[in-house]
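Encoded as structure tokens, the structure appears first; notes follow it.
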Amino acid sequence: MLDLSFESPKPKVISGAKFDWELVIGMEVHAQVASASKLFSGASTEFGSEPNSNVSFVDAAMPGMLPVINEFCVEQAVRTGLGLNAEINLWSAFDRKNYFYPDLPQGYQISQLYHPIVGEGEVIVDMEPGIARRVRIERIHMEQDAGKSIHDMDPNMSFVDLNRTGVCLMEIVSRPDIRGPEEAAAYVVKLRQIMRYLGTCDGNMQNGNLRADVNVSICLPGQYEKYQQTNDFSHLGIRCEIKNMNSMRFIQQAIEVEARRQIAILEAGGKVEQETRLYDPDKSETRSMRSKEEAHDYRYFPDPDLLPLEIDRNWVESIRSSLPELPDEKKLRFINDFNLTEYDAGVLTAEIESADFFESVASSCEGKLAANWVINELFGRLKKDDLSINGSPVSPNQLAGIISLIQSGDISGKIAKELFEIVYSEGGDPNEIVEKRGMKQVTDTSAIEQSVEKVINDNPDQVAKAKINPKLAGWFVGQVMKATGGKANPKSVNEIVAKKLNL
Ligand code: MN
């Protein structure tokens, strides 16, 4: 088990006109399963296809069509559950959630209300080194996505694109354990990171691959602790749900704006209505979409077209044994094996591609130095060119080559940066470049001695001054470095200058 000890962050407090208020947040994240075909049909899930080109008879709800479960999607839901340390339910079932929507031709969404495939789990949400929140997961269920209604292409008509209809979503439901807007965003970041490590969801928020519904309520200080002791939700205040947010920034803004709205109502003696709201980033407000429905409003009932989903314990265990090393484990290992700070290990493990790149570099040179070079030089340079780690012009091998040359004392840190720039823009083998262009550090002490003697002989005034003020030795070091084109080993130069000046 993971042994990264941490403290919980303080809850966010917002001051109203009369009282201080605390936030209580629970989230429902819809994550699209990274599957080439839909949950109950063989139609493609490719993003950006011609409208209504990825629609099977099942998706279009033609009479007599029957859904057939996609085993790959089930496997991804199980994988995700295992990655969140959750219970896997070997017996689960699908229900119909009835509602009319133009982009949902069935007139119902197939979902899992009563018996979800994944039960309780948890996510450790990192806030800063040593500070993290343990957020409990209540459940994960599988369900179909709806299509897309398009209202802004024609003044008189709306269009419907059913390409997304029937795509498999995992709805990940948390307990109300999140205590501030930053934590809410960090929670989604962590979920996304874990799913990307697992390969179960691309987490591309722009494409709507990952969307968050946020339940926000406010309470007075001390009330949350009462809820924790009694599990009585009435201590948490009435919640409002803000639907369908697909950016970390909007999630944070919406929570803040919604909390202030609720504070104003309660402090004026009013009552918060439980409802579903939408966040409007242009006006920076949330507005009512509909009063909150309860499960019975949807007339949920078991889908008669689908058998209960029974999975085998051995199958679950074989999926468990194929899980990759997850972000928390990897981070801890980087801290221990490479002597990295928690912060650096966090930066390197944020994306699995960066972590792999770093490990590949560190396999043939010193780890701490490798981390510094990947984080400071490489990431900085890639950012400048708007490149991802996958598009890095410098390979792990090349970077390890540069770092090894520093370690062996063949080049100084300063020359290494020049070398990095050459490799980055022109490619090539670092060793060969250093040989060919004569970039090697001069460690031959007799050559350095000659150069030091020349500077001393040419500058008797400076020598006299340095005898009185030994700090002026630095000037001689600078002159020698200049004379050798920065290639003299600075340590040797320092020593020889001090010796020759008799300091
Ligand atoms: Mn849902």
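The values are calculated or read from the model by the stated rules, or taken from the named source; none is laboratory data. Small disclaimer: the values here were computed from a predicted structure and weren't measured. Cβ: placed from backbone, ideal geometry, glycine included. Neighbour counts: every protein chain shown. For the accessible areas, the whole protein counts, side chains as well, though only heavy atoms, and no ligand, DNA or RNA atoms are used. Shrake-Rupley method; radii C 1.70, N 1.55, O 1.52, S 1.80 Å.
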* To do: Within the range 228-243, track down each residue that is in contact with a Phe, Trp or Tyr (Cβ under 9 Å, 6 or more places away or on another chain) and open to solvent by 50 Å² or more (accessible area, probe 1.4 Å).
  => Phe233, Ser234, Arg239
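Out of Ile194, Ile131, Ile172, Ile117, which single residue is closer than 29 Å to Gln228 by Cβ, touching a helix residue (DSSP H, G or I) at 6+ places or on another chain (Cβ under 7 Å), more than 16 Å from the ligand (Cβ to nearest atom) and touching a residue at least 40 places away in the same chain (Cβ under 8 Å)? Steps first, please.
Numbers: Ile131 fails: touching a helix residue (DSSP H, G or I) at 6+ places or on another chain (Cβ under 7 Å); Ile172 fails: more than 16 Å from the ligand (Cβ to nearest atom); Ile117 fails: more than 16 Å from the ligand (Cβ to nearest atom).
The unique qualifying residue is Ile194.
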* Asked: Looking at the range 87-100, which of the residues that are open to solvent by 40 Å² or more (accessible area, probe 1.4 Å) and part of a loop (DSSP other than H, G, I, E, B) is nearest to the ligand (Cβ to nearest atom)?
  -> Tyr99
* To do: Can you tell me which residue within the range 65-86, out of those that are touching a Ser or Thr at 6+ places or on another chain (Cβ under 6 Å) and not polar (S, T, N, Q), is most open to solvent (accessible area, probe 1.4 Å)?
  => Phe72
* Hey, Val423 modelled with pLDDT of 90 or more and within 24 Å of Leu348 (Cβ to Cβ) or not -> yes
* **Conditions (1) within 16 Å of the ligand (Cβ to nearest atom); (2) touching an Asp or Glu at 6+ places or on another chain (Cβ under 6 Å); (3) modelled with pLDDT of 95 or more; number of the one not met by Cys201** => (2)
* Give the number of residues within the range 333-352 that are surrounded by fewer than 17 Cβ atoms within 10 Å (Cβ to Cβ) and over 30 Å from Gly409 (Cα atoms). => 1
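Please work out which residue is farthest from Phe47 (Cα to Cα), limiting yourself to the range 134-162 and to residues that are among the charged types (D, E, K, R) and more than 15 Å from the ligand (Cβ to nearest atom).
Going residue by residue through the range 134-162, those that are among the charged types (D, E, K, R) are 134, 136, 138-139, 143, 145, 148, 152, 154, 161.
Then keep just the ones that are more than 15 Å from the ligand (Cβ to nearest atom); that gives 134, 136, 148, 152, 154, 161.
Values: Arg134: 34, Arg136: 32, Lys148: 12, Asp152: 20, Asp154: 23, Asp161: 12 Å.
Out of the qualifying residues, it is Arg134.
In this structure, is Gly428 of a type in the set (Gly, Ala, Ser), open to solvent by less than 30 Å² (accessible area, probe 1.4 Å) and modelled with pLDDT of 90 or more? Full working, then the answer.
Numbers: of a type in the set (Gly, Ala, Ser): yes; open to solvent by less than 30 Å² (accessible area, probe 1.4 Å): no; modelled with pLDDT of 90 or more: yes.
So Gly428 fails the test.
Somewhere in the range 20-43, is a residue in contact (Cβ under 8 Å) with a residue 60 or more places away in the chain, open to solvent by 70 Å² or more (accessible area, probe 1.4 Å), in the same structural domain as Ile137 (by TED's automatic domain parsing) and away from the ligand (no atom under 16 Å from the Cβ)?
From the range 20-43, those in contact (Cβ under 8 Å) with a residue 60 or more places away in the chain are 20-35, 38-41, 43; that's our starting set.
Retained after the next criterion (residues that are open to solvent by 70 Å² or more (accessible area, probe 1.4 Å)): 20.
Of the ones still in play, those that are also in the same structural domain as Ile137 (by TED's automatic domain parsing) are 20.
Add one more test, that the residue is away from the ligand (no atom under 16 Å from the Cβ), and what stays is 20.
Scanning the range 20-43 turns up at least one residue that is in contact (Cβ under 8 Å) with a residue 60 or more places away in the chain, open to solvent by 70 Å² or more (accessible area, probe 1.4 Å), in the same structural domain as Ile137 (by TED's automatic domain parsing) and away from the ligand (no atom under 16 Å from the Cβ).
Tell me which strands (runs of 3 or more DSSP E) are completely within the range 118-209 and hold 1 or more residues being surrounded by 16 or more Cβ atoms within 10 Å (Cβ to Cβ) and among the small types (Gly, Ala, Ser), or say none if there are none. I'd like the intermediate steps shown before the answer.
Details: elements: 121-128, 131-144, 148-150, 159-161, 168-174.
The strands (runs of 3 or more DSSP E) meeting that bar are 121-128, 131-144, 168-174.
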* Mind listing whichever residues of the range 101-114 are within 17 Å of Leu39 (Cα to Cα) and either within 16 Å of the ligand (Cβ to nearest atom) or in a strand (DSSP E or B) (or both)? => Asp103, Leu104, Gln106, Tyr108, Gln109, Ile110, Ser111, Gln112, Leu113
